Amino acid sequence: MIQTPEPPAAASRAAIGHPAVAQLAASVENALPDLVPAAVEAIWQQVPAYAASHDDQLRADVGVHVAAVFRVFLDGLAGRREAGRADFAITREQATRRVMQGISLADFLQAFRIGQLTLWQGIMTAAGDDPAARDGALSVVAQLMQVIELGSTVAGEAYVQAQQHALAEGDRVRRDLLEDLLARQDTRAGPGRAVLRAAGLGPGRRLLVASAAPAGDQDGGDGTSPPDLPDLSDVAAALRGAFGGHGLGLTVVRHDEIVGIAPVVGGRAEPAVASLTRVCAGLARHGVRLAVGVSTVHAGLHEIPEAYAEARAARDGLGGVAGLLALPLLTSFDYLVLRDDDTARRLIRPEVRRFVAEDAAAGGTLVATLAAYAACDLNARTAARQLHLHVNTAYYRLDRIAERTGCDLRRFADVMELLIAVRLLGATPPVTGVS
């Protein structure tokens with residue numbers, strides 16, 4: 001006949017009634033001064049995160065926790081009471097400590113199990129070669145498993161709660177720090193100081209600021225309904241490595257945007273911009289389209305308000321279209337026509353306005369030829385080679401532009417007027433990144 005396994009409570013009562021269990025319990029209790037350090041040492045030997053920790057209090061904390069859990073088991077073994085969730089209050093406290101000490105949940109639970117394995121080895125050592133004692137030891141296996149299962153459950157729940165609280169508190173500290181930096185408040189004291197140090201943002205460190213927000217063209221221009229906007233916290237997590245790299249930098253969700261402050265290595269913005277461009281491209285492939293503006297390089301924390309204003313201006317210059325506009329990669333001319341200016345638009349002659357609109361609708365061939373012509377110092381032959389055109393085709397296009405706009409393309413002033421009109425009327429400024 002197949003016997004139904006006894007429930008944990010029944011197994012526990014059966015173990016307590018075993019004649020050798022009381023003697024085992026007493027022997028293990030006497031051995032606690034040796035068992036607890038042995039368990040701690042086993043954890044340090046088998047879980048690298050504990051050995052690698054620089055927290056001076058960690059080893060003492062682990063010893064206190066191990067001793068308390070051993071005591072829960074021994075109290076049950078001696079018949080004083082069965083283990084319950086309330087017996088693991090110290091586990092909740094220790095879980096919070098492990099989060100702050102940088103120990104992962106997997107490592108925390110592994111350490112918990114190692115402690116119980118050490119306890120079991122202590123029970124078997126106490127039993128020795130006495131058959132009755134070893135039989136008594138086997139009778140308490142179910143009780144030990146119940147302690148491990150209940151303790152692990154409480155440990156996991158407490159760790160996750162503590163981790164969520166720590167994340168929320170960290171977000172609050174970073175938000176407050178950003179607001180202080182934007183308001184030029186003193187950040188040399190308080191929790192923000194440690195955040196800045198960890199981010200590699202010392203007082204004299206050169207930096208740039210980025211501002212990112214979901215693009216207004218999330219439907220991709222195909223006429224379909226736009227998807228739900230992405231959660232900014234998730235996007236910020238993806239951008240965090242790009243803004244700073246190597247764990248550096250500060251990334252904060254601020255209202256409807258993500259603000260990143262990145263230390264600049266070697267005084268060059270290009271590596272940070274390239275990293276940010278790659279991450280934005282990856283997000284775009286997953287349907288998250290961002291408009292991102294990047295400031296010029298600034299001299300230190302005291303210039304963050306100006307850097308932030310530049311980043312916002314760059315992002316606004318995209319007109320809500322997905323892409324990345326980095327001011328360090330622009331010319332001064334590009335920047336001068338970046339900002340929206342209704343007055344400047346009204347000063348554009350009607351025939352020039354009409355030319356730009358009609359050419360954009362036709363694919364922008366003439367505007368592209370004009371841009372190449374200007375880039376080649378008003379040399380049509382060089383522009384033709386750059387565009388892979390026959391020189392007569394280039395001359396024909398330039399004549400068409402002159403005819404439709406009334407401009408003399410041999411005059412620098414007229415060419416500049418056309419280039420400014422092209423930029424102001426919606427031919428997007430030079431944008432690096434993805435659309």
With N denoting the number of residues in the range 344-434, provide Rg(C-alpha) divided by 2.2 N^0.38 Å, to two decimal places. 1.04
Judged on accessible area alone, 1.4 Å probe, highest first, Met100, Met416, Met145 line up as Met100, Met145, Met416
Any residue on another chain or 5+ positions along whose placed amide H is under 5 Å from the amide H of Ala291 is listed here as Ala213, Ala215, Gly323
Under the definition of Cα pairs under 8 Å and six or more residues apart, what whole-number percent is the relative contact order of the range 32-174? 32 percent
Students often get this wrong: which residues of the range 90-132 have the backbone nitrogen under 12 Å from the point 7 angstrom along Cα-to-C-beta of Gln45? 118
Any idea which of Gly170, Gly151, Val209 is furthest toward the positive side of the dipole for the chain, if Lys and Arg beta-carbons carry +1 and Asp and Glu beta-carbons -1? Val209
For the chain, with only Lys/Arg (+1) and Asp/Glu (-1) charged at the beta-carbon, what is the dipole magnitude about the Cα centre, in debye rounded to 20? 1180 debye
Sulfur and carbon atoms: percent of accessible area, the chain [1.4 Å]: 54 percent
Restricting things to alpha carbons, tell me how big the range 40-120 is in terms of Rg and Dmax, in Å. 12.8, 40
Over its alpha-carbon atoms, the range 263-321 yields an Rg and a Dmax in Å of 12.7, 37
Quick one: ranking Arg397, Arg385 by accessible area, 1.4 Å probe, largest first, what do you get? Arg385, Arg397
Helical mean residue ellipticity (222 nm; -39500 (n - 2.57) per DSSP H run of 4+; nearest 500) of the chain: -19500 deg cm²/dmol
Accessible surface, per residue, of the range 262-310 when the full set of protein chains is kept, probe 1.4 Å, Å²: 41 Å²
Starting from the exponent 0.38 and prefactor 2.2 Å, build the expected Rg for the range 126-205 from its residue count and divide its actual Cα Rg by it. 2.18
Antiparallel content of DSSP bridges confined to the range 240-354, in %, to 5: 55 percent
So the pair-distance distribution of the chain, from every Cα-Cα distance in 20 Å bins, comes to percents of 20, 33, 23, 15, 8, 1
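The values are calculated or read from the model by the stated rules, or taken from the named source; none is laboratory data. All values reported here derive from a predicted model rather than from experimental measurement. With ideal geometry, Cβ positions are generated from the backbone for all residues, glycine too; neighbour counts draw on all protein chains shown. Just the protein is used for accessible areas: all its heavy atoms, side chains included, with ligands, DNA and RNA removed. Shrake-Rupley method; radii C 1.70, N 1.55, O 1.52, S 1.80 Å.
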